[in-house]
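The values are calculated or read from the model by the stated rules, or taken from the named source; none is laboratory data. In this text, all values refer to a predicted model and were calculated from it rather than measured experimentally. We place every Cβ from the backbone using ideal geometry, glycine too, and count neighbours over all the protein chains shown. Note: areas computed on protein heavy atoms with side chains; ligands, DNA, RNA excluded. Shrake-Rupley method; radii C 1.70, N 1.55, O 1.52, S 1.80 Å.
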Amino acid sequence: VASDLTKEHKLKRRSRSKIIVSCYVDNVSSPKVDLSHLVAHMQSTGADMIKLVANATNITEITRIFHLLSHCQVPLIAYSNGERGLISQLLGPKFGGFLVYGSIEDNLVPGLPILDSLRKAYNVECIDADTKVFGLISKPVSHSKGPILHNPTFKHVGYNGIYVPMLVDDLKEFFCVYSSPDFAGFSVGIPYKEAAIEFCDEVHPLAQSIGAVNTIIRRPSDGKLVGYNTDCEASITAIEDALKGGCNNGDAFLPSPLTGILFVLVGAGGAGRALAFGAKSRGARVVIFDIDFDRAKSLADAVSGQARPYEDLVNFRPEKGTILANATPLGMHPNMDRIPVAEATLCDCKLVFDAVYTPRKTTLLKAAEAAGAIIVSGVEMFLRQAIDQFNLFTGNKAPEEFMREIVLAKF
């Protein structure tokens, strides 16, 4: 059909109009699908422009789209729908894509980013071949606020970079496929902070001792992946400053207000490990609950703390003045109603910290505030670790006040 229409179009010499030949591919991973052959066939119709929409079931399949964009002989629009395909739309301009599609806010199209976010959050009109790509490796990833913090900050300081969400199913496959210098660094989220260490060529000593990374940089000089942990200091200094009444004195405050305090941690994953090691470094007494008791025991042994069975948490009554920290996804949008402890427990807490930052004030923090505790939102931890990440990503000092203003306005 395309060939016939194109011939008719040229015979009638409608020079002011163009023809787009479009094709939808349902399963990119099928061995029967050769995208290069398909694009060549579409090009042979005499099309002025080609549009290819693919249904990728894994983020690693998107590199095939990037390859097509870089090598096609005619203007090409190519992307994949859905969460796993989002980067194909956001990074299309970098690899030579002719157009980027976005949904209008009051008429959303499933699988397409909102037009307003393409312009304001991702600044796609400024993306070019030299743009460095940074992204959040996580599963799930839709909750991430990273793009609306990092991208405006890149623009503010004049750094040619973009930060995108990356829904990853298989870490090993991901790092094998995305090995180009274009992909300059990554944030690491749930559930990969511990597992990601295996794929780093080098690991910073603090991250090594914690056993978790939340930041990975591709070193420009040799392409090696270097892992860091910016969660630890971010979370602990946020708690310390809240205990001091908001006075941010850093190391000038000695001893730490956490020294000798009972620090009850719920969750022994990547974020939990950062909190546990941070609390230990300040001289706190650490008690850990996790649904996987062996994991809690392993972390407790590493920080000279105590592990307790998760089922004991419902009836757990800590001593007065305890610090409680939630490092589980409980309470995260959209399942915001659950809290990890009984409300009666909160009456004995001096301070409650929640690593969850969507929503900003979780159900746990609301209940803790009602019980009279000082509360610290995961937003504060998120901001502080993001500032350190920005320094690592760009090699320059982050504009801290600018980033804080974004967080206050957008989170």
If I take all pairs of Cα atoms in region 179-305, what percentage of them are more than 27 Å from each other?
25 percent
Suppose the chain between Ser298 and Glu311 were pulled fully straight at 0.36 nm per residue; how much longer would it get relative to their current alpha carbon spacing?
2.9 nm
GNM flexibility winner over the chain from Asn315, Asn229, Asn326 (Cα, springs under 10 Å):
Asn315
With no solvent and one point on each alpha carbon, what is the Debye value of log10 I(q)/I(0) for the chain at q = 0.08, 0.11 Å⁻¹?
-0.50, -0.84
Say the dipole of region 222-357 comes from +1 at the beta carbon of Lys and Arg and -1 at that of Asp and Glu; which of Ser304, Ile291, Ile339 then lies farthest toward its positive end?
Ser304
Rg(Cα)/(2.2 N^0.38 Å) for region 56-100, N = residue count
1.01
Between Ala342 and Thr259, take the C-beta separation as r, use R0 = 35 Å, and let me know the FRET efficiency to the nearest 0.05.
0.80
Which order do peptides 30-41, 266-277 fall in by mean Cβ count within 10 Å, highest first?
266-277, 30-41
Starting from the Cα of Ser29, move 7 Å in the Cα-to-Cβ direction to define the label point; list residues of region 65-107 whose amide nitrogen is under 13 Å from there.
84-85
Sequence-distant residues sharing a close amide H with Ala307 (under 5 Å, placed H):
Ile288
Once you compute Rg and the Kirkwood Rh from C-alpha atoms, what is the Rg to Rh ratio for region 100-189?
0.97
About the Cα centre, charge dipole magnitude for region 241-356 (Lys/Arg +1, Asp/Glu -1 at Cβ), debye:
300 debye
Any idea how far apart Arg16 and Cys126 come out in nm if each label point goes 7 Å out from Cα toward Cβ?
3.7 nm
Name the residue farthest towards the positive end of the dipole of the chain from the options Ile387, Leu313, Ile62, assuming +1 on Cβ of Lys and Arg, -1 on Cβ of Asp and Glu, about the Cα centre.
Ile62
Out of all DSSP beta bridges with both ends in the chain, state the antiparallel percent to the nearest 5.
15 percent
So, by mean Cβ neighbours within 10 angstrom, what's the order for 198-205, 236-243 with the highest one leading?
236-243, 198-205
What is the P(r) of region 74-122, as percent of Cα-Cα pairs per 5 Å bin from 0?
5, 23, 30, 28, 11, 3, 0
Treat each spin label as a single point 7 Å out from the Cα along the C-beta direction, and report the Ile104 to Thr57 distance in nm.
3.5 nm
Over the Cα atoms of region 279-343, what is the Rg over Rh ratio if Rh follows Kirkwood?
0.97
What translational D, rounded to a whole number of µm²/s, comes out for region 42-199 from Stokes-Einstein when the hydrodynamic radius is the Kirkwood one over Cα pairs, at 10 °C and 1.306 mPa s?
98 µm²/s
Using alpha-carbon coordinates alone, the radius of gyration and Dmax of region 1-61 in Å work out to 14.0, 44
Estimated Rh, region 1-130: Kirkwood, alpha-carbon pairs, angstrom:
15.5 Å
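So, for region 210-319, what is the accessible surface per residue at a probe of 1.4 Å, expressed in square angstrom?
40 Å²
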Note: Val1 to Asp116 extended length (0.36 nm per residue) minus current alpha-carbon separation gives 37.8 nm
Tell me the Kirkwood radius of region 155-245: reciprocal of the mean inverse pair distance over distinct alpha-carbon atoms, in Å.
14.5 Å
I want to verify a result. In a Gaussian network model of the chain, Cα cutoff 10 Å, which of these has the top mean-square fluctuation: Ile323, Ile50, Ile87?
Ile50
Using helices alone, I'd like the mean residue ellipticity at 222 nm for the chain: each DSSP H run of four-plus residues gives -39500 (n - 2.57), total over residue count, nearest 500.
-9500 deg cm²/dmol
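Calculate the dipole size of the chain relative to its Cα centre from +1 charges on Lys and Arg beta carbons and -1 charges on Asp and Glu beta carbons; express the result in debye to the nearest 20.
Around 1040 debye, computed over the chain.
Taking K and R as +1 and D and E as -1, what net charge do the other residues with C-beta under 15 Å from the C-beta of Thr358 add up to?
+3
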Provide the net charge surrounding Val21, with neighbours chosen by a C-beta distance below 13 Å and charges set as Lys +1, Arg +1, Asp -1, Glu -1.
+1
